[in-house]
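Colleague: I'd like to ask you about the structure that follows.
What follows draws every value from the coordinates through simple rules; no lab data is involved. Please read these numbers as outputs of a predicted model, since none were measured by experiment. Heads up, the Cβs are rebuilt from the backbone with ideal geometry, glycines too, and the neighbour counts pull from every protein chain shown.
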Amino acid sequence: MNKELMVNQLFSEKNTCGILVYLHLFGPRSRTEIYNAISTNPRMPIKLDMMEQMGLIKQTKRDLNGKKMVTLTSTGTKFATTLCNLEKMLGGNIDSFRWDIVISKLEEYDMAA
């Protein structure tokens, strides 16, 4: 992969920055959890593979069922921290974003019960 264009490629793919921020805020997650929180777009596995090739995330098997866990690498953590800091500098509220996701998941859980 051409290193000169890696950041451009990352920003040109929808949801990649959201994935980084989500993992930064909530820690390691399964691919299914990421899809449910960010997007169910059929290209999501391709995006995760691209991000792994870039050295931003690592996908590892979690259990006997073969579910993959996705974690940030040290480079991914630095990138996600920078994205969160930029969000705050531009006046966004990353803490509100975090609670919005938590609340929406609680509401989904309540509806399913």
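Colleague: Among the listed pairs LYS47/LYS67; LYS14/LYS67; LYS58/LYS88; LYS68/LYS88; LYS47/LYS78; LYS14/LYS78, which have their C-alpha atoms separated by more than 22 angstrom in this model?
Modeller: Values: LYS47/LYS67 17 Å; LYS14/LYS67 24 Å; LYS58/LYS88 26 Å; LYS68/LYS88 31 Å; LYS47/LYS78 19 Å; LYS14/LYS78 20 Å.
Result: LYS14/LYS67; LYS58/LYS88; LYS68/LYS88 exceed 22 Å.
Colleague: Quote the FRET efficiency, to the nearest 0.05, computed for SER30 versus LEU90 with a Förster distance R0 of 22 Å and r equal to the Cβ-Cβ distance. Show your work: numbers first, answer last.
Modeller: Details: r = 31 Å, r/R0 = 1.39.
Approximately 0.10, to the nearest 0.05.
Colleague: Simple spin-label model, 7 Å along Cα-to-Cβ: LYS61 to LYS78 in nm?
Modeller: Label-label distance for LYS61 and LYS78, simple model: 3.2 nm.
Colleague: Residue by residue through the range 9-24, which ³J(HN,Hα) values in whole Hz follow from phi under the Karplus form 6.51 cos²θ - 1.76 cosθ + 1.60 (θ = phi - 60°), with glycine and proline marked x?
Modeller: Working through the residues one at a time gives 5, 4, 6, 7, 8, 4, 6, 5, 5, x, 5, 4, 5, 4, 5, 5 Hz.
Colleague: Would you mind computing, in nm to one decimal, how far apart the modelled labels at GLU13 and GLN53 are, each placed 7 Å from Cα along Cα→Cβ?
Modeller: Between GLU13 and GLN53, the simple spin-label model gives 0.8 nm.
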